[in-house]
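Asks: My questions all concern the structure below.
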Amino acid sequence: MDAIKTVHYNKPKLKGSLRVPGDKSISHRAIMLASIAQGRTVVKGFLDGEDCLRTVEIFKRLGVSIERNGTDVVIDSPGMENWTSPTKELYAGNSGTTARLMLGILSGSKVTSILTGDDSLSKRPMKRVTTPLHSMGAAISGKEGGDFLPLSIVGSTLEGIDYNMPVASAQVKSAILFAGLNAKGETIVRETTVSRDHTERMFEQFGVKLERDGNIVKIQGGQSLTGANVKVPGDISSAAFFMAAAAMIEGSEVQFVDVGLNPTRTGIIEVLQQMGAEVEILEKHGETGEPYGVVKVTHSRLEGTEISGEIIPTLIDELPIIALMATQATGKTIIKDAAELRVKETDRIAAVTDELTKLGAKVEATEDGMIIEGPTALVGGKLQSYGDHRIGMMAAIAALVSDGPIEIKDPSCINISYPDFFDHLSHLVLARNEE
Ligand code: S3P
């Protein structure tokens, strides 16, 4: 992809049906659990985006055989007992999920390793994971008390922990549960607000027993895993960009097939409905593992809304595109309780505010969110992606509702979670010409 991409459509409408790529969170976990288990796992619908490929490369370095054929992946693992210590550093790239979950996994393994990441990941906080892991007995060390990558991890014998989570973070919860799987005794994680539960669901698919009661998860250490067949549904966080576009643009109607509908991730659907978009869930399946189904989004006049509290973790990655949508809605949209946005791939509160303001939007950054006043007619302009895939995709969707072209600097970061993004965009815009 070129260093700059210009996106321009003249009064587009979005029509048709789309299967977005596999869920990023679930794809990571499928590779992780398959590599921990002994034997063969077959994954279908895997996301071959850059973040998940980092996870694949790491396990290959530990001695796991991973064969990819498009979105089908076959993993043959000797089991984590038999992993070999890597001769080179384990590189997590831009992926916070890879880094944080690997810290939990490697801490209780038998291998010694060094975990690194790119510039953005090396600035993201790791202490939220290393603090509970250290109290389980993990031997993780690095600069500044282990708050930042690179970190060295000497696999050791861990003890169970009873941990109250200070932030709603599935990455932290998952790191502790992975460590708990290999710890002596019981590990308990208590959340104040429930975060995405893909780790818990996938543990169960691989035969691990968990006790789940509201905000509390308990796991007994020393359980062994057997390979499984895993189906990865489409990523609702990727679909969200086109859901928002369909909601904003008059005459649009898009059907999303095979899209993940895990209730810990569907906050975007609630917000779309709250803002007045027409959203219909036409089918729902997968009651035993990860729920998925068919969702239809049709344009309707949008109204501002307030987004705060418990819903935030269920739509945390969708807030940049929701902010764009709010610029086209009548009235004020207030986003609160989302300070976590400041420690994502970039500071997403600052990035969204700065970039949308360049297009003429009325956006005010607050400490833990944004206030957006709409509707505003957006103009074209030159936008930064900050190397953050979700800011890059927000910029591209902004081009559908702006008067002039939008130039996106460094659009290749979109490959992190959605390599087919621009193809899918033209598919939905072009489908209209075939009416
Ligand atoms: C993820 C959890 C979320 C999310 C990220 C993926 C996961 O991060 O923003 O894109 O796969 O567990 P936090 O756990 O930091 O909230």
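Asks: Hand me the GluC sites (Glu not before Pro) from region 235-270 located in a DSSP loop with no more than 13 other Cβ atoms within 10 Å, in residue order please.
Replies: Listed in order of number, the matching sites are GLU250.
Asks: Can you tell me the 0 to 90 degree angle between the C-alpha axis of helix 421-430 and the longest principal axis of the chain, rounded to 10?
Replies: With rounding to tens, the tilt is 30 degrees.
Asks: Which whole-number percent gives the relative contact order of the chain, counting Cα pairs below 8 Å spaced six or more residues apart?
Replies: 18 percent
Asks: Give me the one-decimal nm value for the distance between modelled label points at SER65 and GLU306, 7 Å along each residue's Cα-to-Cβ direction.
Replies: Distance between label points: 5.8 nm.
Asks: Going highest first, how would you order 24-32, 323-331 by mean Cβ packing within 10 Å?
Replies: Packing order, densest peptide first, comes out as 24-32, 323-331.
Asks: Sticking with this one: What shape does region 24-231 take by its C-alpha gyration tensor, where a ≥ b ≥ c are the square roots of the eigenvalues and a/c under 1.5 counts as rounded, a/b above b/c as prolate, and the rest as oblate?
Replies: rounded
Asks: Report the paramagnetic label zone for THR131: residues of region 302-343 whose backbone N is under 20 Å from a point 7 Å from Cα along the Cα-to-Cβ axis.
Replies: 313, 337-343
Asks: Measure nothing fancy, just the Cα-based angle from helix 389-401's long axis to the longest principal axis of the chain, in degrees from 0 to 90, nearest 10.
Replies: 10 degrees
Asks: Rounded to the nearest 500, what is the 222 nm mean residue ellipticity of the chain from helices alone, with -39500 (n - 2.57) per DSSP H run of 4+ residues and division by all residues?
Replies: Only helices count here, giving -9000 deg cm²/dmol.
Asks: To continue, here is another question. What percent does the relative contact order of region 24-231 come to when contacts are Cα pairs within less than 8 Å and at least six residues apart?
Replies: Normalised by residue count, the contact order of region 24-231 is 21 percent.
Asks: Something else about it: What three numbers, in Å, describe the spread of the alpha carbons of the chain along their principal axes, ordered from the longest?
Replies: 60, 43, 42
Asks: In nm, give the distance between the simple-model label positions of PHE422 and HIS285, each being 7 Å from the Cα along the Cα-to-Cβ direction.
Replies: Rounded to a tenth, the inter-label distance reads 3.3 nm.
Asks: Working out 0.36 nm times the residue gap between LYS123 and ASP2, then minus their Cα-Cα distance, what length gain in nm do you get to one decimal?
Replies: 41.0 nm
Asks: How many angstrom lie between the Cα centre of region 128-155 and the Cα centre of region 21-95?
Replies: Answer, in whole Å: 22.
Asks: Select from GLY251, GLY374, GLY234 the residue whose mean-square fluctuation is largest in a Gaussian network model of the chain (Cα-Cα springs shorter than 10 Å).
Replies: GLY251
Asks: Please list, by residue number, every one of the GluC sites (Glu not before Pro) in region 351-390 that is coil in DSSP and has at most 12 other beta-carbon atoms within 10 Å.
Replies: When the GluC sites (Glu not before Pro) of region 351-390 are filtered for loop state and at most 12 Cβ neighbours within 10 Å, GLU367 remain.
Asks: Also, I was wondering about something else. What full-extension length gain, to one decimal in nm, is calculated for GLU186 and VAL74 as 0.36 nm per residue of separation minus the Cα-Cα distance?
Replies: 37.2 nm is the gain from fully extending GLU186 to VAL74.
Asks: Just subtract the alpha-carbon distance of THR193 and GLN273 from 0.36 nm times their residue separation and send over the number in nm, one decimal.
Replies: Difference between extended and current length: 26.6 nm.
Asks: With Rg and the Kirkwood Rh both taken from Cα atoms, where does Rg over Rh land for region 43-128?
Replies: Reported Rg/Rh (Cα atoms, Kirkwood Rh): 0.96.
Asks: Could you work out how far helix 236-248 tilts from the main Cα principal axis of the chain, as a 0 to 90 degree angle to the nearest 10?
Replies: Long axis of 236-248 versus the principal axis of the chain: about 10 degrees.
Asks: What number comes out for accessible area per residue over the chain if the probe is 1.4 Å? Units Å², please.
Replies: Roughly 37 Å² per residue, with all protein chains present.
The values are calculated or read from the model by the stated rules, or taken from the named source; none is laboratory data. Since the structure is predicted, the reported quantities are computational estimates derived from the model, not experimental observations. Counting neighbours? That spans all protein chains shown, and the Cβs are built from the backbone with ideal geometry, glycine included. Surface areas here come from the heavy atoms of the whole protein model, side chains and all, with no ligands, DNA or RNA. Shrake-Rupley method; radii C 1.70, N 1.55, O 1.52, S 1.80 Å.
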